[in-house]
Amino acid sequence: MSVQELVNTLNSVIWSPALIYLCLGAGLFFSVLTRFAQVRHFREMVRLLLSGKSSSQGISSFQALAVSLSGRVGTGNIAGVAAAIGFGGPGAIFWMWVVAFFGAATAYIESTNAQIFKEKEDGLYRGGPAYYIEKAMGQKWYAWLFAIATIIACGMLLPTVQSNSIGNAVEMAFGAGSTIDSALGPISTAKLYTAVAIVLLLGFIIFGGVKRIANFTQVVVPFMALAYIIIACVILVLNADKIPGVFALIVGDAFTPMAGVGAAIGWGVKRGVYSNEAGQGTGPHAAAAAEVQHPAQQGLVQAFSVYIDTLFVCSATAFMIIITGAYNVHGAGDAFIIQNVAGDIAANSPAFTQIAVDSMLPGIGKPFIALALFFFAFTTILAYYFIAENNVYYIRRTIKLPILNFLLKVVIMFATFYGTVKAADIAWGLGDVGVGMMAWLNIIGIIIIFFMAKPAIKALKDYEQQQKEGVENYTFNPEKLGIKNADIWQEKHDQQ
């Protein structure tokens, strides 16, 4: 069995219909329980985003949003959207919207849990699913299982997807150059030089610590997202007459037998979860690092980040691709249900997006997407390192080996290099395995925690009560709410 076949087999098990419906079902479940907080508190989300300050122990709400967005807004917004359309049809975008809307509630739950049960290590706030699984569920073995799965996923598997898309985009924009034979197989000089540049920059930043990551992402993420959306808006304005037809196609195709309802739902949810990461368990790590007055505040900010990722950035990509017709839809075997571009163009790549932008802005499109993808994907790799490092710190509470952090840096730099120079299908397959593992463990965890203690729901009700009372400075008393093991917050309340 080849590596590709092994990866495909693993994905067929991990990404069975059970996980698809678990993601959608959890989002609907938490939306109802929070009384659709992702809608009711939309104005509060925006207010919180622009307020708050960092401290010596934690980063600001905006920095936490930037770090988590750097994980959410990545190659999934460019190449992932193209893959959803290429394998699930335009209707897959509708299911991306659905999973984003319901997923915002899931993001609130997991991020609020992370804030409640965060810890202080080496003078900095740290937390995430491993921490809240141990403290709220009381199952240390399950917390360890999540931590190990996350280190493997974020330290080894997921960076390959991000760097692979950068390499492919650079090669398509500027040419492959000559070919070099290596132990990893034939490598184009374009990909080799790109891989070396990415790894050098990555090493400089990750050896500088979480503060350097936060400072870098808070500048780069808003800039890159805004530039990308502006270009998308220019293309949409130039094709304003086609927008109603695109909406009709996306909604209509979501339920048609031609595209396959199962394929549209499956690819829409898979790429939606990959892109916005709601329920995957990555966002809570940045949420835990934030300095806020009340845990629910960071939960709401993280819910808003799902909207930015999918409803803004992913939709911008989808509309550009569909309006310009720069896509194919794969059917059974090697057949195409729809073929608008060359059949040898990989759907699991940024090519559809590059062709779409280049068709409207000739000579600019391909280099611009390559540049945008570099920033999108590179900051996502930084976020993956931050997430993996949090779980290394969790393990080091028991196994006190400082060298684990150094080994993580070496592994993620090698994975980034490997992903840049290898084929797209293997890279995306590995990434899907990583996302699937984390999603299974985290969603089951937060559902069990809800039935055991309901910490995030209690926090939301407490926050809403203080809102009604018109308080200026929010407080959080976990003992009063019946929440145990929230040591940081209990200590903070007692000092107040």
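Read the figures in this text as sums done on the coordinates, not as results from a lab. Every value quoted in this text rests on a predicted model; they were computed, and no experiment measured them. Positions of Cβ are backbone-derived with ideal geometry, glycine not excepted, and every protein chain shown enters the neighbour counts.
Before moving on, here are some points about what is shown:
- Amide H within-cut-off set for ASN340, under 5 Å, with H built and near neighbours excluded: TYR327, ASN328, VAL329
- By average C-beta atoms within 10 angstrom, highest first, the peptides 442-454, 290-302, 5-17, 106-118: 106-118, 290-302, 442-454, 5-17
- Amide H to amide H distances under 5 Å link ILE180 with ILE187, SER188, THR189, where only residues 5 or more positions off or on other chains count and H is placed in the peptide plane.
- Label sites at GLN4 and ILE243, each approximated as a point 7 angstrom past Cα along Cα to Cβ, lie 4.0 nm apart.
- Global geometry of segment 121-216, whether rounded, prolate or oblate, following the gyration tensor of its Cα atoms and the 1.5 cut on a/c: prolate
- The ASP344 and ILE148 beta-carbon pair, evaluated with R₀ = 51 Å, returns a calculated FRET efficiency of approximately 0.85.
- The alpha carbons of segment 409-496 occupy a box of 57, 28, 25 Å along the principal axes, longest dimension given first.
- Semi-axis lengths, largest first, of the ellipsoid equivalent to segment 3-466 are 32, 26, 21 Å, with √(5λ) applied to each eigenvalue of the Cα gyration tensor.
- Full extension of the chain between VAL46 and LEU201 yields a length gain of 52.6 nm, computed as 0.36 nm times the residue separation minus the alpha carbon distance.
- Positive-pole candidate from GLY27, PRO159, THR179, dipole of the chain, charges at beta carbon: GLY27
- Straight-distance crosslink candidates among aspartates and glutamates, where the alpha carbon sits under 12 Å from LYS484 and sequence neighbours closer than 8 are dropped: GLU134
- Each eigenvalue of the Cα gyration tensor of segment 270-391, multiplied by 5 and square-rooted, gives one semi-axis; in descending order these are 33, 16, 14 Å.
- Only one residue of GLY482, PRO17, ILE205 has its Cα farthest out toward the positive end of the dipole of the chain, where Lys and Arg carry +1 and Asp and Glu -1 on Cβ, and that residue is GLY482.
- Potential extension, ARG397-GLU469 segment - 0.36 nm per residue separation minus Cα distance: 21.9 nm
- ³J(HN,Hα) computed for each position of segment 445-454 - Karplus, 6.51 cos²θ - 1.76 cosθ + 1.60, integer Hz, glycine/proline x: x, 6, 5, 4, 4, 4, 6, 7, 9, 6
- Think of each Lys and Arg Cβ as +1 and each Asp and Glu Cβ as -1; about the Cα centre, that makes the dipole of segment 3-466 roughly 1260 debye.
- Couplings 3J(HN,Hα) of segment 479-486, computed from phi: 5, 4, 8, x, 9, 9, 6, 8 Hz, in residue order, whole Hz [Karplus 6.51 cos²θ - 1.76 cosθ + 1.60, θ = phi - 60°; x for Gly and Pro].
- Where only C-alpha atoms are counted, convex hull volume of segment 446-486 per residue in Å³: 70
- Top positive-direction residue, dipole computed over segment 3-466 with Cβ charges, set ASN442, MET452, PHE368: MET452
- 3J(HN,Hα) couplings calculated from phi for segment 245-253 with the Karplus curve 6.51 cos²θ - 1.76 cosθ + 1.60 (θ = phi - 60°) are, in sequence order, x, 5, 4, 4, 5, 4, 5, x, 6 Hz; Gly and Pro show x.
- 27 Å Cα-Cα threshold exceeded, pairs from LYS118/LYS422; LYS140/LYS480; LYS118/LYS400; LYS191/LYS242: LYS118/LYS422; LYS191/LYS242
- For the pair ASP334 and ILE180, label points projected 7 Å from Cα toward Cβ lie 3.3 nm apart.
- Over the chain, dividing the summed -39,500 (n - 2.57) contributions of all DSSP H runs of at least 4 residues by the number of residues returns a 222 nm mean residue ellipticity of -22500 deg cm²/dmol.
- Anchor LYS458: aspartates and glutamates whose Cα lies under 12 Å away (excluding residues fewer than 8 positions away in-chain): GLU479
- 10 Å binning of all Cα-Cα separations within segment 76-184, expressed as whole percents from 0 upward: 11, 24, 31, 21, 12, 1
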